[in-house]
Every structure is written in C-alpha cells, then in structure tokens.
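Q: The structure follows.
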Amino acid sequence: MKRIQIEVSGGCQCGAVRYHASEMLDNAHLCHCRMCQKAVGNIFAALVAAPNDKLKWTRGRPAVFKSSDHAERGFCARCGTPLFYNSLDNDRINLTIGSLDEPEKFPPINQIGLEARVPWFAGLQKLPEGGETSANADKTWVRSVTSSNRQHPDHDTKAWPPAG
C-alpha cells in the first residue's frame, strides 16, 4: 500500500462526529465478510484507510465496539452511522467510504471476504435503473423530507446543527 497525498473529511449522518485525514492509502476495497456485513447493515463494507497519525477527529468522538480480539468498529452513538473498521495490529484505520464527504474519489480496487459474498451480488449491474430516489415519489412527501432534513452536509461546518 502506498500513501496518497490527499486531504479528506467525513463524518456521520447527523454531524455529531466528524473527521479529517491529511493522507490516505491506496487500498479502497469492498469487504464481504459476515462480520463487515453485520457491522454496516449491508451486503458489504466499502473501506479505505488513513494512517493513524494522519487522522484527526474534528467534532465529537465515535463510539467503539470491539468486534473481536483483533478489531474494533467505530460508529456515531447518536445516529448509528458506521464510520470505521480498525485492525488492532497495524497503524491504519479503515474509514467507511460512504462516510467520506467525497466518496467518489475512492473507487474500490479489490474485494475481500469472498467466502460470505451474497450470491446475487454479481448480478447487480444487470438490474434496471429507476432514476433518482424522489423522481416517482409524491411531491408533498418530497417537500416534507426536504424541509425537515437533518442530515449534515458533505463539508465541514463550524457548528451543527445550525443555530435558528
């Protein structure tokens, strides 16, 4: 793994926990192992690492669950967003790609934990694409969601939630 000189920020859905990394590693990957599936509540975990000495928690601190003698998982105790996987025997922390402000910058280059990959994963690209999530929704419902959205924006803020 080589180090990439790129600065990233990210955090949880509610904004209670935010982080900044001044360097990343080139290990963006999908992990299909059953433990990762359970930790993120999905069929895989999309992860990319930052060296421990280059990661700073800029707002709040994640809650931590020690999922085995070898690893711990971090998440926001307030909203539940999975934030990281940390192997306790190395000097990096694997951040969830979805918690990054710009997840598109880290396309996966590898897949691991294939013994637990769900059989239908390979067929996902063949599914019809239905467009945006709100395209066919009731317009009143869409306006209600938009006006009551409490999700933190995909950039650092001085304070959250905003005053007022």
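The values are calculated or read from the model by the stated rules, or taken from the named source; none is laboratory data. From a predicted model like this one, the values you see are computed outputs, not experimental measurements. Because the Cβ atoms are built from the backbone with ideal geometry, glycine has one as well, and the counts that use them run over all protein chains shown.
Q: Please identify the pairs in which a residue from region 75-94 that is over 27 Å from Trp160 (Cβ atoms) has its Cβ atom under 7 Å from the Cβ atom of a residue that is crowded, with 21+ Cβ neighbours inside 10 Å and at pLDDT 95 or above, counting only partners at least 6 apart or on another chain.
A: The qualifying pairs are Arg92/Ala49; Arg92/Ala50.
Q: Can you tell me which residue in region 50-64 is nearest to Asp89 (Cα to Cα), limited to those that are in contact (Cβ under 8 Å) with a residue 24 or more places away in the chain and assigned to a strand (DSSP E or B)? Step through it out loud before you land on a result.
A: Going through region 50-64, the residues in contact (Cβ under 8 Å) with a residue 24 or more places away in the chain turn out to be 50-62.
Then drop every residue that is not assigned to a strand (DSSP E or B), which leaves 50-51, 55-59.
Details: Ala50: 15, Pro51: 13, Leu55: 17, Lys56: 19, Trp57: 21, Thr58: 24, Arg59: 26 Å.
Applying the filter and picking the extreme gives Pro51.
Q: From (1) polar (S, T, N, Q); (2) over 22 Å from His155 (Cα atoms); (3) at pLDDT 95 or above, pick out the condition that doesn't hold for Ser22.
A: (2)
Q: I would also like to ask the following. Out of all the residues in region 71-85, which are closer than 17 Å to Gln37 by Cα and surrounded by fewer than 21 Cβ atoms within 10 Å (Cβ to Cβ)?
A: So the first thing to find is which residues in region 71-85 are closer than 17 Å to Gln37 by Cα, and the list is 71-75, 80-85.
Correct list: Ala71, Glu72, Gly80.
Q: For region 104-120, which positions are touching a residue at least 40 places away in the same chain (Cβ under 8 Å) and not in a strand (DSSP E or B)?
A: Our first condition is that a residue be touching a residue at least 40 places away in the same chain (Cβ under 8 Å); within region 104-120, this holds for 105-118.
Of everything in region 104-120, those that are touching a residue at least 40 places away in the same chain (Cβ under 8 Å) and not in a strand (DSSP E or B) turn out to be Lys105, Phe106, Pro107, Pro108, Ile109, Gly113, Leu114, Glu115, Ala116, Arg117, Val118.
Q: If you don't mind, there's one more thing I want to ask. Taking Arg18, is it within 19 Å of Gln151 (Cα to Cα) and of a type in the set (Lys, Arg)? Write out each step before concluding.
A: Values: within 19 Å of Gln151 (Cα to Cα): yes; of a type in the set (Lys, Arg): yes.
Yes: the conditions hold for Arg18.
Q: Tell me which residues, restricted to region 100-115, are farther than 16 Å from Ser22 by Cα and surrounded by 13 or more Cβ atoms within 10 Å (Cβ to Cβ).
A: Within region 100-115, the subset farther than 16 Å from Ser22 by Cα is 104, 107-115.
Passing the criteria: Pro108, Gln111, Ile112, Gly113.
Q: Does Glu115 satisfy being closer than 26 Å to His32 by Cβ, at pLDDT below 90 and more than 22 Å from the chain's Cα centre (by Cα)? Please lay out each step first, then the result.
A: Numbers: closer than 26 Å to His32 by Cβ: yes; at pLDDT below 90: no; more than 22 Å from the chain's Cα centre (by Cα): yes.
It is false that Glu115 is closer than 26 Å to His32 by Cβ, at pLDDT below 90 and more than 22 Å from the chain's Cα centre (by Cα).
Q: Please state which of the following conditions Glu129 fails to meet, knowing it meets all the rest: (1) acidic (Asp, Glu); (2) within 27 Å of Val64 (Cα to Cα); (3) outside any helix (DSSP H, G or I).
A: (2)
Yes/no per residue for (1) at pLDDT 95 or above; (2) out of contact with any Phe, Trp or Tyr (no Cβ under 9 Å at 6 or more places or on another chain); (3) within 16 Å of Asp101 (Cβ to Cβ); (4) surrounded by fewer than 18 Cβ atoms within 10 Å (Cβ to Cβ):
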site	(1), (2), (3), (4)
Arg34	yes, yes, no, yes
Gln37	yes, no, no, no
Asn42	yes, yes, no, yes
Lys56	yes, no, yes, yes
Arg61	yes, yes, no, yes
Ser68	no, yes, no, yes
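Q: Next up: Checking His20 against (1) more than 20 Å from Ile109 (Cα to Cα); (2) part of a loop (DSSP other than H, G, I, E, B); (3) in contact with a Lys or Arg (Cβ under 8 Å, 6 or more places away or on another chain), which single condition isn't satisfied?
A: Checking His20 against (1) more than 20 Å from Ile109 (Cα to Cα); (2) part of a loop (DSSP other than H, G, I, E, B); (3) in contact with a Lys or Arg (Cβ under 8 Å, 6 or more places away or on another chain), the one that fails is (2).
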